[in-house]
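See below for the structure under consideration.
The values are calculated or read from the model by the stated rules, or taken from the named source; none is laboratory data. None of the values given here were measured: they were computed from a predicted structure. Using ideal geometry, Cβ is built from the backbone for each residue, glycine included, and neighbour counts are taken over all protein chains shown. All accessible areas refer to the heavy atoms of the entire protein, side chains included, with ligands and DNA or RNA removed. Shrake-Rupley method; radii C 1.70, N 1.55, O 1.52, S 1.80 Å.
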Amino acid sequence: MNELLTILRESPEPITRLYEAVLMKVGGHRLSFREYVDYQLHTDQILTTEDRRRFIGEDRKWRLHIRCNKKQWFMLHYKIPFTQFAMGGKFPIPKIYAIYDKNSAHYLPDTVLLDNEAGITEYLTNKAVYPLFTKPDDAMLGEGAAGIQEYDKLSRQLIYLNGERESVDNFARQIDRQSKVVLFQELLRPGKILASICGQAISSLRVTMGRTAKGLKIISACWRIPVGKNMTDNFRHGVSGNLLGGIDIETGKVTQVYSRKNNKVSPIKYHPDSGYRFEELVIPEWEHIIRMLMLTGKTMIGLNLQNWDVALTDRGPVITEINVFGDMDIHQYSNRQGFRSPQLEEVLAYSYRPYLSELSWITRKITPFLRKIDSLR
């Protein structure tokens, strides 16, 4: 109700925009009233009606990826299967030193397997290679991830990348209690240019690619920028305090950087920590990144909508993961355009026939009629 009142109160065309918001909520967009207002579509006077109606709600990401991708590939949501696949293809990925798994079910070559609290403590105090980075196998939005700079033997504390400390015993206890599979891997370092902009935390790209009848295409890309003491660069709708930059996919130039201020995602010109001015910045090795992802993406037949995370490191671009159900909001915030672009429409068209063939007989008959109401069906 608050969002509806906001549309009526702030919009230059209150009735027209309210009607549009209702259509986008109940139609194939599934854009909630909260999202409609958060993207500031109710006040925007630059985007055309067609432009605004290319925005898609977060709820649509599941249907969109199910529409485009074969379910066999969904296991790559988990870090270990993805790492196994990437190792086979010799993709540039972070080295994994150890895996915590209470069930001792996961194995990777040349890794230490940990299965209890005592094992974690022993590893971190006597065997670990520092610095290192830890994250759950099924982590999303950077939850549970941490960069560990070193271990202080005198205090028996882990020293995090942001300077904070924690008892090694408490760290091991928390992991063991959560009963999640956790990876201990090398801590990537930023290159000289990016370190001068946002410190020692890694910044990364989200590059979304799609397979069409003419081959793979880049659909959209954005740059995630860490701020302050954050050890990950996830934007999380802006509540993390991190920044988000739009990217011109043809040149790699950063078009605009955004942060959440006063409960609105707004453009900014400088990094709040370093004072670096973002104007004219081009992502380092952009052409190399695109070539690398094109080669890698071609190996994933049946995964027609691919969301890659690429860390910008001192040894060049490193692939950290592929998001099988990638968020669309970061693209829509950073590039100020709806995710349902003409390029995405090509991917949807290319994927429709194989998607339809895998449905049950009755669903296959009903789906063409449902598409008249919801084009993502």
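Quick look at the values:
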{"item": "Residue list for region 77-114, filter: assigned to a strand (DSSP E or B) and open to solvent by less than 70 Å² (accessible area, probe 1.4 Å)", "result": "96, 97, 98, 99, 100, 112, 114"}
{"item": "Test: residue 279 is out of contact with any strand residue (DSSP E or B) (no Cβ under 9 Å at 6 or more places or on another chain) and either free of Cβ contacts under 8 Å to residues at least 60 places away in the same chain or of a type outside the set (Asp, Glu) (or both)", "result": "no"}
{"item": "Looking only at region 185-194, and only at residues there that are of a type outside the set (Asp, Glu) and under 21 Å from the mean Cα position of the chain (by Cα), the one that is farthest from residue 130 (Cα to Cα)", "result": "194"}
{"item": "Verdict on residue 258 being more than 21 Å from residue 135 (Cα to Cα), among the hydroxyl-bearing types (Ser, Thr, Tyr) and crowded, with 20+ Cβ neighbours inside 10 Å", "result": "yes"}
{"item": "Answer from 53, 34 - the residue that is touching a His at 6+ places or on another chain (Cβ under 9 Å) and closer than 15 Å to residue 329 by Cα", "result": "53"}
{"item": "Evaluation of residue 124 against (1) buried (at least 17 other Cβ atoms within 10 Å of the Cβ); (2) over 25 Å from residue 201 (Cβ atoms); (3) at pLDDT 95 or above (one fails), failing number", "result": "(2)"}
{"item": "Test: residue in region 54-63 that is hydrophobic (A, V, I, L, M, F, W, C), open to solvent by 20 Å² or more (accessible area, probe 1.4 Å) and more than 30 Å from residue 302 (Cβ to Cβ)", "result": "no"}
{"item": "Residue list for region 118-129, restricted to those being part of a helix (DSSP H, G or I) and either in contact with a Lys or Arg (Cβ under 6 Å, 6 or more places away or on another chain) or of a type in the set (A, V, I, L, M) (or both)", "result": "118, 120, 124"}
{"item": "Conditions (1) surrounded by fewer than 24 Cβ atoms within 10 Å (Cβ to Cβ); (2) under 16 Å from residue 308 (Cβ atoms); (3) of a type in the set (Val, Ile, Thr): number failed by residue 212", "result": "(2)"}
{"item": "Test: residue in region 5-24 that is of a type in the set (D, E, K, R), loosely packed, with under 13 Cβ neighbours inside 10 Å and in a helix (DSSP H, G or I)", "result": "yes"}
{"item": "All positions within region 137-187 that are hydroxyl-bearing (Ser, Thr, Tyr) and open to solvent by 30 Å² or more (accessible area, probe 1.4 Å)", "result": "151, 155, 167, 179"}
{"item": "Qualifying residues in region 53-71 (those that are assigned to a helix (DSSP H, G or I) and closer than 14 Å to residue 323 by Cα) - the one nearest to the chain's Cα centre (by Cα)", "result": "61"}
